[in-house]
Amino acid sequence: MSVSRAISLLGFMAVAISSRDSSKPVVTVDPSGQIYEGDTVILTCKAEGQRSKDSAIRWFRNRVLADSTLQTETIPASGVSLTLRPAVPSDTEIYWCSIMGWDSWPIRFKVHELFSPPMLSVEPSGMVTEGEDVTFRCEVWYPPRKAGESLQATIFFTDDSGRPKAVSAGDQHTFVAERANAGSYYCTAQAVKNDVRKISPLLWLAVREVFISVTLTASPGVRVKAGQPLSLKCSAVIKNQSSGHQDTDRAETSFTFLRDGQPVVTRSHSDLYDIISVNRSHAGKYRCVVNAGRAQKHSQEILIYLQNGPVVFGLGALGFLAATIVLCVKWFSSSL
């Protein structure tokens, strides 16, 4: 073969290869910058000079398995565009498309994590005693990595029924522990501008029950007349932790009586609150609080109000009334 013929053949092959490369499909990614979970990612497959039906376009993805080998998957989608909505970090793979048997160059993009999963903490930790103040906090270690994004935290409680319910629309929940508060808790953090929502691990709260019951009673009753005596009794039945039996007397027990939310007796060792003579200022809503060590429990609320009693006259009023009667009798006698 002559040199000129060999050069001509090489030129023909170069043109053919160039023509084949120009027909090779190309995959583009939108957005072209950094991609975060929750974003909508659109991959577009195009080949210059080719017009094909959507059904002739196929999409593929390479996944890296645990043993570092690649596994090729056919994506169940057809058409010029492949939409990932919402994108998740596991979408960080190698993609390519094929048009009528012509494969595109592979393209790889990374979906960045928007924020870390939240963690739920509780103070005090471990088992708490009935009546203790308990605080749950939902913490996200890092702010959202995407500018302009913010998070909304919510704390949930799951009771014996297994149904979770939101107990706070924020990152903190504080309450006084009761037996009904025992159960599992978790929190969620959700991006305000998209649907990214992450859940913390479960946290179990155990509550040690101390009180079986705390009851407030009034004698002679909740309806009293002005000037009458009134006695309020706070009855506490405490569980004996060693035997499991009921115990109604414990040296460390103290009693607080509240009227309309304000204490009238504080930390008394007596379970009685006596009023010698009731007046209008004693009317209101009463409740008692029993403290036994760190444990605390409130009674039910009772309403004390004044009844309309019989008309009572003082000595001056009685004298005036008697004088009036005498004058009336004299006037009547003189007119006869």
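The values are calculated or read from the model by the stated rules, or taken from the named source; none is laboratory data. Not measured: the values here are computed from a predicted model. Cβ sites come from the backbone with ideal geometry, for glycine too, and all protein chains shown count toward neighbours. We work out accessible area using only protein heavy atoms, side chains counted, and drop any ligands, DNA or RNA first. Shrake-Rupley method; radii C 1.70, N 1.55, O 1.52, S 1.80 Å.
On the given criteria, is Ala226 open to solvent by 70 Å² or more (accessible area, probe 1.4 Å) and either of a type in the set (Val, Ile, Thr) or more than 34 Å from the chain's Cα centre (by Cα) (or both)?
Numbers: open to solvent by 70 Å² or more (accessible area, probe 1.4 Å): yes; either of a type in the set (Val, Ile, Thr) or more than 34 Å from the chain's Cα centre (by Cα) (or both): yes.
Yes, satisfied.
Find the residue count for the range 182-223, including only residues that are open to solvent by 30 Å² or more (accessible area, probe 1.4 Å), of a type outside the set (Gly, Ala, Ser) and within 29 Å of Gly284 (Cβ to Cβ).
The qualifying residues number 6.
Say we look at the range 144-170 and pick out the residues that are hydroxyl-bearing (Ser, Thr, Tyr), open to solvent by less than 70 Å² (accessible area, probe 1.4 Å) and out of contact with any Pro (no Cβ under 9 Å at 6 or more places or on another chain); which of these is modelled with the highest pLDDT? Outline the logic, then answer.
Filtering the range 144-170 for residues hydroxyl-bearing (Ser, Thr, Tyr) gives 150, 154, 158, 161, 168.
Still in the running and open to solvent by less than 70 Å² (accessible area, probe 1.4 Å): 150, 154, 158, 168.
Those still in the list that are out of contact with any Pro (no Cβ under 9 Å at 6 or more places or on another chain) too: 154, 168.
Values: Thr154: 95, Ser168: 91.
The selected residue is Thr154.
Only one residue in Gly131, Gly101 is at positive phi and free of Cβ contacts under 8 Å to residues at least 12 places away in the same chain, so which one is that? Give the steps one after another, and end with the answer.
Values: Gly131 fails: free of Cβ contacts under 8 Å to residues at least 12 places away in the same chain.
Exactly one residue qualifies, and that residue is Gly101.
Which of the residues spanning the range 259-274 are aliphatic (A, V, I, L, M) and closer than 11 Å to Leu232 by Cα?
Here is the first cut: in the range 259-274, the residues aliphatic (A, V, I, L, M) are 264-265, 272.
Scanning the range 259-274 gives a single hit, Leu272.
Quick one: would you say Cys328 is at pLDDT below 90 and open to solvent by less than 90 Å² (accessible area, probe 1.4 Å)? Spell out how you get there, then give the answer.
Details: at pLDDT below 90: yes; open to solvent by less than 90 Å² (accessible area, probe 1.4 Å): yes.
Judged against the criteria, Cys328 is a match.
Could you say whether any residue in the range 193-203 is assigned to a loop (DSSP other than H, G, I, E, B) and closer than 30 Å to Asn240 by Cα?
The initial filter retains those residues of the range 193-203 that are assigned to a loop (DSSP other than H, G, I, E, B), namely 193-196, 200-202.
Checking the rest, the ones that are also closer than 30 Å to Asn240 by Cα come to none.
Within the range 193-203, none of the residues are assigned to a loop (DSSP other than H, G, I, E, B) and closer than 30 Å to Asn240 by Cα.
Sort through Pro143, Pro164 and tell me the only one that's closer than 30 Å to Gly33 by Cα and not aromatic (Phe, Trp, Tyr). Break it down stepwise before answering.
Numbers: Pro164 fails: closer than 30 Å to Gly33 by Cα.
Of the residues listed, the single one that is closer than 30 Å to Gly33 by Cα and not aromatic (Phe, Trp, Tyr) is Pro143.
Six or more apart or on different chains, Cβ under 6 Å: which pairs go from a residue in the range 155-183 that's farther than 22 Å from Val210 by Cα to one that's open to solvent by 60 Å² or more (accessible area, probe 1.4 Å) and of a type outside the set (Lys, Arg)? Could you list them?
Phe156/Pro164; Phe156/Ala166; Thr158/Pro164
Of all residues in the range 44-79, which are open to solvent by 40 Å² or more (accessible area, probe 1.4 Å), basic (Lys, Arg) and either part of a strand (DSSP E or B) or at pLDDT 80 or above (or both)?
Listed by number, the residues that qualify are Lys46, Arg58, Arg63.
Report the residue count in the range 80-91 for those that are open to solvent by 60 Å² or more (accessible area, probe 1.4 Å) and either in contact with a helix residue (DSSP H, G or I) (Cβ under 6 Å, 6 or more places away or on another chain) or in a loop (DSSP other than H, G, I, E, B) (or both).
Here the count works out to 2.
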